[in-house]
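Novice: Got a structure for you, written out below as structure tokens; questions coming shortly.
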Amino acid sequence: MLYFLDTADVEAIRRAIEFYPISGVTTNPTIIAQRGKNVVDTIKEIRACIGDDRMLHVQTLGETSEDMVREANILRDAVKGNFYAKIPVNEQGIKTIQILKKDGFNVTATAIFTQQQALIAGVAGADFVAPYVNRLDNISSSGIKVVEDIVSLIKNYSLNTKVLAASFKNVEQVHQVSLAGAHSVTLNPELCANLLYHPLTQESIIDFILDGYNYYNL
Ligand code: E4P
């Protein structure tokens, strides 16, 4: 399992990478807008915080393949290091994924809501495919089932694509996609902390400290 942070909040990223085994950061235009700064300034801040080795996934905004390719080059040049261009899975996006792969880019296909969107993106060469679990659950569909099927399709066709399950609102969704075999998840920092939290763990740690206090003169 690879854990990503789905945020552009640099202070929250700094805190999370101090404690958690984080493989990278994912952003989208909405997340960038929440930071309230130009995309290039924001992703440079994130890169400075996470270093060159961790993955940084940044989405393009253009509506044509030409614009997506142009923007991907600008974004990659701005942050260098381990960079992934996030491309949405409409026709222009699938064309873009194939062009970017030929140009040597790492690519994450995003805004995935169906199994077949993920399969086409994988066949086009996407390194990661990002199904939106909670947005599917919100319309009475099943985000977990979609992730489970995508994992099977990747195995059936021996694709070198990983599932980057996205859009979570609770721990149970993350747990279910883990059972379904998702290779990675991207989480907001609060949810990341919730994966670890349990009141009985807190209580047990306090009891151990009180019990051992007089016997651990290390
Ligand atoms: C990641 O690729 C997505 O942009 C993100 O997880 C969407 O999350 P949301 O549904 O909470 O906006």
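Novice: In the range 86-118, how many residues are away from the ligand (no atom under 12 Å from the Cβ) and among the hydrophobic types (A, V, I, L, M, F, W, C)?
Specialist: Matching residues across the range 86-118 total 7.
Novice: Where residues in the range 64-99 are open to solvent by less than 40 Å² (accessible area, probe 1.4 Å) and polar (S, T, N, Q), which of them is nearest to THR114 (Cα to Cα)?
Specialist: Ranking the candidates gives THR96 first.
Novice: Inside the range 126-140, can you point out the residues that are of a type in the set (Ser, Thr, Tyr) and either near the ligand (Cβ under 10 Å from one of its atoms) or open to solvent by less than 20 Å² (accessible area, probe 1.4 Å) (or both)?
Specialist: TYR132
Novice: Name every residue in the range 144-182 that is loosely packed, with under 14 Cβ neighbours inside 10 Å and part of a loop (DSSP other than H, G, I, E, B), in order of residue number.
Specialist: Across the range 144-182, the qualifying residues are TYR157, SER158, ASN160, ASN170.
Novice: Tell me, please, whether a residue that is over 23 Å from SER167 (Cα atoms) and of a type in the set (Ser, Thr, Tyr) can be found in the range 57-71.
Specialist: Filtering the range 57-71 for residues over 23 Å from SER167 (Cα atoms) gives 64-67, 69-71.
Still in the running and of a type in the set (Ser, Thr, Tyr): 64-65.
Among the residues of the range 57-71, at least one is over 23 Å from SER167 (Cα atoms) and of a type in the set (Ser, Thr, Tyr), which makes the answer yes.
Novice: Also, I was wondering about something else. For the list (1) farther than 21 Å from VAL107 by Cα; (2) of a type in the set (A, V, I, L, M, F, W, C); (3) touching a residue at least 60 places away in the same chain (Cβ under 8 Å), I need the number of the one condition that ILE144 fails.
Specialist: (3)
Novice: If GLU203 satisfies every condition in (1) assigned to a helix (DSSP H, G or I); (2) touching a helix residue (DSSP H, G or I) at 6+ places or on another chain (Cβ under 9 Å) but one, which is the exception?
Specialist: Result: GLU203 fails condition (2) only.
Novice: For LEU61, only one of the following conditions fails: (1) crowded, with 24+ Cβ neighbours inside 10 Å; (2) in contact with a Pro (Cβ under 6 Å, 6 or more places away or on another chain). What is its number?
Specialist: (1)
Novice: Also, quick follow-up: Go through the range 141-166 and give me each residue that's within 14 Å of LEU179 (Cβ to Cβ) and among the hydroxyl-bearing types (Ser, Thr, Tyr).
Specialist: Answer for the range 141-166, where residues must be within 14 Å of LEU179 (Cβ to Cβ) and among the hydroxyl-bearing types (Ser, Thr, Tyr): SER142, SER152.
The values are calculated or read from the model by the stated rules, or taken from the named source; none is laboratory data. Bear in mind the structure is a predicted one, so any value in this text is a computation, not a measurement. Cβ atoms come from the backbone with ideal geometry, glycine included; neighbour counts cover every protein chain shown. We work out accessible area using only protein heavy atoms, side chains counted, and drop any ligands, DNA or RNA first. Shrake-Rupley method; radii C 1.70, N 1.55, O 1.52, S 1.80 Å.
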